[in-house]
Amino acid sequence: MRQVVLDTETTGIDPAKGHRIIEIGCVELINRKLTGNHFHVYINPERVVEQEAIEVHGITNDFLTDKPVFAQVVQDFIEFIKGSQLVIHNAPFDVGFMDAEFSRIRPAVGLTNDFCSVLDTLQLAREMRPGQRNSLDALCRTYDVDNSARELHGALLDAEILADVYLMMTGGQTALNLASHGKDNQGGSQKVEHQRITNRPALKVLRATADEEALHQERLARVKEEGGHCLWQDS
C-alpha cells in the first residue's frame, strides 16, 4: 500500500479568488513505513503573496521570483502522487488548490481524484476525538510528536510531522528527519514495531497471608459499623 503524506503553502486562503500554490511537500509511506523518498518544490505563483500568508509560512515574493511555475513541475508532481492514497490534514483546502492548479494546465491533465484517493486526517481526528482540538499542533501534543522545529508552517516539514501523527493515530510509529534522507533511506531512520509476546513466563501470583486477610476482614467490619457497605459482599 503506497500513501503520500502531502502539505501545501499558498498565497492566500481562497483559490476561487486567484490564490495559488507556492510550495508542495510530500513524503512517501509504503505499507505504513516511511521510505525516505520525498517530493519538495517551491513555485512561482505569478502573483503577489498576501502579507497575512507570509506571516504564516515566511515565504516572500522575492524568494519566489526565480522559482519554476506550476506548469513546469506538474508532470513530476503527478508522477509522484499517481496511484497513491494522499494523506492530508484538512484535505479540502489542499485539494481545492491542487484542482485549481491542474485546471489551468493545457492540455488538460485531470484533477486530483483522477490520480489518487484522498484521506483527510482532520476528519479522521474529529471522528476519533469528538469535541477536542484537532489542529496539527494539538495532535502533536496528544500523540507526543516533536514539532519543536515548526516555528513557521512549511510544506515538507508539516508533511513529515503529519506522517508521524497519522501513524501514531492509527496504531504505528516511525522516525523524523526525513528531509536529510536519500531514497535509499541511509539516514539511519528508526522504527518501532509492535509484536505480540508469546514466550512470556506466567505472572507470579502473591496471595494474602492469614494475618493480612484478618486485617482486611476487620477493616470491612469497621466500614459496616460506620454505615458503609461493600458492593461485592452485597452481591
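Let me spell it out: the conditions are (1) surrounded by fewer than 18 Cβ atoms within 10 Å (Cβ to Cβ); (2) within 18 Å of the chain's Cα centre (by Cα), and Gly131 meets all of them except one. Which number is the exception?
(2)
State the number of residues belonging to the stretch 74-108 that are buried (at least 19 other Cβ atoms within 10 Å of the Cβ) and free of Cβ contacts under 8 Å to residues at least 40 places away in the same chain.
3
Residue by residue, here is whether (1) more than 22 Å from Gln85 (Cβ to Cβ); (2) among the hydrophobic types (A, V, I, L, M, F, W, C); (3) out of contact with any helix residue (DSSP H, G or I) (no Cβ under 9 Å at 6 or more places or on another chain); (4) at pLDDT 95 or above holds:
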{"residue": "Asn113", "(1), (2), (3), (4)": "no, no, no, yes"}
{"residue": "Leu124", "(1), (2), (3), (4)": "no, yes, no, yes"}
{"residue": "Tyr143", "(1), (2), (3), (4)": "no, no, no, no"}
{"residue": "Glu151", "(1), (2), (3), (4)": "yes, no, yes, no"}
{"residue": "Gly154", "(1), (2), (3), (4)": "yes, no, no, no"}
{"residue": "Ala163", "(1), (2), (3), (4)": "no, yes, no, yes"}
{"residue": "Leu178", "(1), (2), (3), (4)": "no, yes, no, no"}
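For a quick check of your reading of the model, give me the residue pairs whose first member lies in the stretch 109-127 and is closer than 24 Å to Gln75 by Cα and in contact (Cβ under 8 Å) with a residue 40 or more places away in the chain, whose second is open to solvent by less than 20 Å² (accessible area, probe 1.4 Å) and of a type in the set (Gly, Ala, Ser), with beta-carbon atoms closer than 8 Å and at least 6 apart or on different chains.
Cys116/Ser84; Leu119/Ala91
Take the residues of the stretch 1-50 that are aliphatic (A, V, I, L, M) and not in a strand (DSSP E or B): which is surrounded by the most Cβ atoms within 10 Å (Cβ to Cβ)? Can you show your working first?
Step one: filter the stretch 1-50 for residues aliphatic (A, V, I, L, M), giving 1, 4-6, 13, 16, 21-22, 24, 27, 29-30, 34, 41, 43, 48-49.
From the residues that got through so far, the ones that are not in a strand (DSSP E or B) too are 1, 13, 16, 43, 48-49.
On the way: Met1: 8, Ile13: 13, Ala16: 7, Ile43: 26, Val48: 12, Val49: 22.
Checked the stretch 1-50; the qualifying residue surrounded by the most Cβ atoms within 10 Å (Cβ to Cβ) is Ile43.
The values are calculated or read from the model by the stated rules, or taken from the named source; none is laboratory data. Keep in mind it's a predicted model, so treat the numbers as computed, not measured. For neighbour counting, all protein chains shown are included, and Cβ atoms are generated from backbone atoms with ideal geometry for every residue, glycine included. Note: accessible area is taken over every heavy atom of the protein model, side chains too, but ligands, DNA and RNA are not part of it. Shrake-Rupley method; radii C 1.70, N 1.55, O 1.52, S 1.80 Å.
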